[in-house]
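As structure tokens, the structure follows; a few thoughts come after it.
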Amino acid sequence: MAVLCRNRVVHRSPLPLVNNKGGVAKTTTEWVRLFGGKRTSLVLDADAAGEQGVRDIALKFDRASLPIPRQVLLPPGQDLNDFFQWEGLEE
């Protein structure tokens, strides 16, 4: 399993987290193909940019003939760091 997230996560995670330092705009079909055969989830910020990012990445997975990742929804305005802090997984 892999979890794709937008920003650098500063907390420990029990799951492998992957982000594309260049951002969603620099996410290529070739990079997306690296997730072939893995269960993949998207956890982007719960804002307009994150929603657009989910659509863009899903389209790239579709173009690579890969299953669309499951989106993990966060509360409005939150990001993955907020979630880890709330869950008590902060460093």
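Worth a mention:
- Counting other Cβ atoms within 10 Å as a rough exposure proxy, the listed residues V24, V43 run V24, V43 from fewest neighbours to most.
- Sequence-distant residues sharing a close amide H with Q71 (under 5 Å, placed H): L42
- Approximate spin-label separation Q78-K26, in nm, with each point projected 7 Å along Cα-to-Cβ: 2.9 nm
- For the stretch 51-62, 3J(HN,Hα) per residue [Karplus equation, 6.51 cos²θ - 1.76 cosθ + 1.60, θ = phi - 60°, Hz, x = Gly/Pro]: 5, 5, x, 4, 4, 5, 5, 4, 4, 5, 5, 4
Read-outs: derived from the displayed coordinates by stated rules, not from any lab. The model shown is predicted, which means the values in this text are computed figures rather than measured ones. Heads up, the Cβs are rebuilt from the backbone with ideal geometry, glycines too, and the neighbour counts pull from every protein chain shown.
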